[in-house]
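Shown next, in structure tokens, is the structure this report addresses.
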């Protein structure tokens, strides 16, 4: 997580929340953890691949993560 946090700092992003997954009501996805990450812009997200820590982060991710899904969402605001 240290390299991911450094990478996010380089593009202006941050982890909003992180939690373990203990199962789901429907489906058979083998998910261990979910992260909510905020980026200041779509361009900041795109800049992940060229940021200084990108190569090291992707190498570690490939070694540790079997499957990752990314979902682009609107900003979360509480009402």
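Backbone N atoms of the stretch 14-28 closer than 12 Å to the 7 Å Cα→Cβ label point of residue 69 belong to residues 24-28. With kT/(6 pi eta Rh) evaluated at 10 °C and eta = 1.306 mPa s, and Rh the Kirkwood radius from Cα pairs, the chain diffuses with a coefficient of 113 µm²/s according to Stokes-Einstein.
For the chain, the mean residue ellipticity at 222 nm estimated from helices alone is -9000 deg cm²/dmol, where every DSSP H run of n ≥ 4 contributes -39500 (n - 2.57) and the total is divided by all residues, rounded to the nearest 500. Rg over Rh for the stretch 22-62 works out to 1.11, using Cα positions for both radii and the Kirkwood form for Rh. Modelled spin labels at residue 15 and residue 49, positioned 7 Å past Cα toward Cβ, are 2.4 nm from each other.
Every number in this text was worked out from the coordinates using simple rules, so none of it is lab data. Quick caveat, the model's predicted, so the values are computed rather than measured. Using ideal geometry, Cβ is built from the backbone for each residue, glycine included, and neighbour counts are taken over all protein chains shown.
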